[in-house]
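Only one structure is covered here, and it is reproduced in the block below.
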Amino acid sequence: MGLWRVALSTLLLMTFLRGGIVPYLKTSMTEAFADRDWKRFRERSSTSAFLGLCLMVLGLLGALASPLVNWAAAFNVKDAVAVREAAPLMMVLVFLTLAHFAGMFIEIIYDARMEVSRPRVYELVGTVAGFGLLLLGIRLKVSLPWLALLSNGPVFLSRVPLVLELLVRHRRLLAVQWNVVPSLLREMIRPSVVCLGISFACLATMMLPNLLIAHLLSLRNVTVYSVCYQLATYPLLPLGALMPVFWPAFTVAWRRGARLFLLRRLVPAVAGTGVILLAFWVFMVALGQWFVRWWTGGQINPSQVLLALLAGGVVLEGCSYWFTTFLWSINDLRMLLLSCGLQCLLTAGLAWPFIRAWQLPGVAAAVMVGSGVGLLLPAGWRSLRRLSSLPEPAEAGLAPVADVEDELDTFRFEGTE
């Protein structure tokens, strides 16, 4: 399994790159949908499908070419079984990673049309099926390449019904308009670079604490921090799964001038998230030490201060999810880059002296300050400021807010039938 983890780490850059072009294209497509600009929507949806096809072809070529690389030497693998399985494992992972990336370009077509539930239901079914097949493969003691295929293959296949539906019912969305592809790609270069900067800042914020702990303290402390951090951030997993659902709804509401719709959902969502995560903070303070000891069989006994600070950072991070999602939905990329960059700089700049002063709790304190001062405050301020400047629908020549709110639940893209 160690070989699998090392192989996945080499493909991390591909996962990082998907944070570039996908967000801008998704929001741009949703804006065309909200404006009922069918021509512009089809231009973007067909370009999205074209990029997905290119990635699929690249995945096939990469899988075919991967045996030409001596992966065993690259991974410094000595075990005979691992040496034999390294090349086929990389063949499977290269193809499935790029295929998953390609599927995102199909998924965002559905997201832009406010059909956000079906792709995620299919993906959930694929994930559950993959987990079941993984357990079966482990029981049957199959090789690592087969384990990778069994666990990730169903998620890839879950995108097939989405593609078939578009081909049968909305073929015009996939018909590549070669005359607009070059200009659209040029249009997307600059915002995609900014999106990559945002992704890099977020990735650095996640990686820096462990790197600094390893450098200033010890690998044992890295393990303690990682386990506690994993427990503290569990509530963010379902919250993160909700954000793609609200993203296109926010975009449509913004383009239609539905200020009340946005305020009535954004502000209560932030407040409700804060209350729920504060309840989790209480749990972490009261029972967190006992739970970690039970979870790790008594091998890790963290301090209460460390758990309280980590959970406090999660409260701030969770509330910021709503504001950053709103900023993504209106393509306010500069503010997102500024906020995520400030979060990264504060976390990195404070972690060094805080670790020397307070050991592991110092890292958690730096992360908490970065999440609150660097991310939540600027993103929240910018979101509310943008909402306050949004003109009333009547002033902007749009439909009344009430009509827009009713429309958001039933909006379908008749222009693409």
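Taken together, the values in this text are just the output of simple stated rules run on the coordinates, not laboratory data. Nothing here was measured: the structure is a model prediction, and the numbers come from that model. All Cβ positions, even for glycine, are placed from backbone atoms using ideal geometry, and neighbour counts span all protein chains on display.
I need the peptides 22-35, 221-234 ranked by packing, meaning the mean over residues of other C-beta atoms within 10 angstrom, with the highest value on top.
Per-residue mean Cβ counts within 10 Å order the peptides as 22-35, 221-234.
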- Message: For a quick check, take a GNM of the chain with Cα springs below 10 Å and name the residue from 168, 270, 121 with the largest mean-square fluctuation.
- Response: 168
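Taking only DSSP H segments of four or more residues, each worth -39500 (n - 2.57), what value at 222 nm results for the chain once the sum is divided by all its residues, to the nearest 500 deg cm²/dmol? All intermediate terms of the calculation are to be shown ahead of the outcome.
Numbers: 18 runs with 338 residues, N = 417.
Value at 222 nm, helices only, nearest 500: -27500 deg cm²/dmol.
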- With springs only between Cα atoms under 10 Å, which of 368, 207, 91 fluctuates most in a Gaussian network model of the chain? 207
- Message: Please report, ordered by residue number, every helix of the chain (full DSSP H runs) that is 27 Å or longer along its axis going by C-alpha atoms and whose mean Kyte-Doolittle hydropathy reaches 1.0.
- Response: 80-112, 181-216, 236-255, 259-295, 304-329, 333-358
- Message: Under a Cβ-only charge scheme (Lys and Arg +1, Asp and Glu -1), can you give me the dipole magnitude of the chain about the Cα centre, in debye to the nearest 20?
- Response: 680
- Kindly rank 94-100, 305-311 from highest to lowest mean number of other beta carbons found within 10 Å of each residue. 305-311, 94-100
- Item | Which labelled figure in (1) 0.96; (2) 1.06; (3) 1.58 is Cα Rg over 2.2 N^0.38 Å, once derived from the coordinates | (2)
- Message: Can you compute the modelled spin-label distance between residue 38 and residue 58, with each label point 7 Å from Cα toward Cβ, in nm?
- Response: 3.3
- Springs between alpha-carbon atoms under 10 Å, Gaussian network over the chain: tell me which of 287, 387, 133 tops the mean-square fluctuations. 287
- Ordering 238-250, 174-186 by per-residue average of other C-beta atoms within 10 angstrom, highest first, gives 238-250, 174-186
- Note on the structure: For the range 2-179, Rg(Cα) over 2.2 N^0.38 Å is 1.15
- Quarter of the Cα convex hull surface for the range 34-101, i.e. its orientation-mean projected area (nm²): 5.7
- Item | Set of lysines near residue 26 by C-alpha distance (under 16 Å), chain-local residues within fewer than 8 positions excluded | 39
- Message: At a threshold of 8 angstrom on Cα-Cα distance, excluding pairs fewer than six apart, so keeping six or more, what relative contact order does the chain reach in percent?
- Response: 20
